[in-house]
1. Could you list all residues from segment 57-79 that are polar (S, T, N, Q) and surrounded by 12 or more Cβ atoms within 10 Å (Cβ to Cβ)?
2. Find the residue count for segment 259-270, including only residues that are crowded, with 21+ Cβ neighbours inside 10 Å and in contact with a Phe, Trp or Tyr (Cβ under 9 Å, 6 or more places away or on another chain).
3. If you scan segment 190-205, which residues turn out to be under 25 Å from the mean Cα position of the chain (by Cα) and either under 16 Å from residue 223 (Cα atoms) or aromatic (Phe, Trp, Tyr) (or both)?
4. Please pick out the residue among 57, 10 that is hydrophobic (A, V, I, L, M, F, W, C) and either part of a loop (DSSP other than H, G, I, E, B) or within 21 Å of the chain's Cα centre (by Cα) (or both).
5. Tell me whether segment 80-93 contains one or more residues that are under 20 Å from the mean Cα position of the chain (by Cα), touching a residue at least 60 places away in the same chain (Cβ under 8 Å) and buried (at least 24 other Cβ atoms within 10 Å of the Cβ).
6. Out of curiosity, is residue 391 assigned to a loop (DSSP other than H, G, I, E, B) and touching a Ser or Thr at 6+ places or on another chain (Cβ under 8 Å)?
7. Of everything in segment 225-237, what is surrounded by 18 or more Cβ atoms within 10 Å (Cβ to Cβ) and of a type outside the set (Ser, Thr, Tyr)? Give them in sequence order.
8. Do the conditions hold for residue 248, that is, is it modelled with pLDDT of 95 or more and part of a helix (DSSP H, G or I)?
Amino acid sequence: MKLRDLDIIVTAPPAPGWGGQYWILVKLTTDTGIIGWGECYATSIGADAMQHVIRDVFTRYFLDENPENIERMFRRAYSSGFTQRPDLTVMGAFSGLEIACWDILGKDRDRPVWALIGGQTNDRLRAYSYLYPLPDHPLDQFWTSPDMAAQSALDLVDQGFTAVKFDPAGPYTMRGGHMPAMSDITQSVNFCRAIRTAVGDRADLLFGTHGQFSTAGAIRLAKAIEPYNPLWFEEPVPPDAISEMAKVARATSIPVATGERLTTKAEFAPVLRAGAATILQPALGRAGGIWETRKIATLAEVYNVQIAPHLYAGPIEWAANIQLGVTIPNLLMIETIPTQFHRDLIKNSLPIDHGFVHAPQAPGLGIDVDEALARAHPYTGTGLHLEMQDAPCDYENGNDFRGGAPLKGF
């Protein structure tokens, strides 16, 4: 069996765009006619440029190769360009192609991917969701409203979710770590208080910060929200500031989580060695694919660190997260984006059951991709999947980060 054809579909989720401006889906076909699906999660360059990278990586390292040879294709992509070091864009391309190979192998053997990478450890996976506006919530008010956040959290908990994520302490700025405004700290406390009051002990609070604070600023914020006992403090300082993240971890009782912007074991291992985090959040469409992230999970197990695969993309990466999660003993939970479009794109083939996802039994990734729907929503913009703002933190008028909704006007 050889890999012969590549097709790339860049799909734009309908407004308001939960999951990013676009999802890069890859479709591989073998000489025996088996189709595998993958998803590339890379945001450093635009969608058009990324398609050229994906085609180049495919032509150099995947074309006419046996899809079983995952390790050899990884070493070629990682090292052949006289690099032998992590490259976010190349590994993003590789990751989606690698996921598609596993989908092919599972379909060829009529087994789910988890059965090929260690077998079933978990028969169901705990899921969580970001807090999104309810239908009656004004989008221009939701992101700064503790009361609306609490209502959204209670709605998720009533659906069966046992953890909810929110990030009220913006802005996300390209300028690097900053000291939070006192108003941002106050707002963060208000969010934590309102959500904790609404859900009680029925759910864990997952506090997202996504790398925007200085070390001292992150510690100040952590101390302020500690009384509400969040399960994690997500990426409190920029992701490459590992020693500084370790300082934050030592200064707070809240477990530190990180990893959505890291790629390969070479970037995760220093986090573990430094004691910078006790929860790792690899995004499989970026971290190196399923096999490389399985290695990351094994490294984490040695350090008594848990895995919570990240998702701010489409449902194919989510399916890969699930296949990995079934196999690893140190899984904490998986992220999900429970929109109708996410469900429709895979024909609801991986349903969420009262806040949990059961181990898939269908071959490959366990999904049925609606290719026509994916093609019916092409991305025609020029922006990046996610974009940090140029403006610095506003210490006078407050900050209103709209929860990752990238579309203007929403």
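1. Within segment 57-79, 66, 69 qualify.
2. 4
3. Correct list: 191, 192, 205.
4. Going through 57, 10 in turn, the sole match is 10.
5. yes
6. yes
7. The answer is 225, 230, 231, 232, 233, 234, 235, 236, 237.
8. Considered against the rule, which asks whether it is modelled with pLDDT of 95 or more and part of a helix (DSSP H, G or I), residue 248 comes out as yes.
The values are calculated or read from the model by the stated rules, or taken from the named source; none is laboratory data. Just so we're clear, the structure is a prediction, and the values are computed from it rather than from any experiment. Ideal geometry is used to build each Cβ from the backbone, glycine not excepted, and the neighbour counts take in all protein chains shown.
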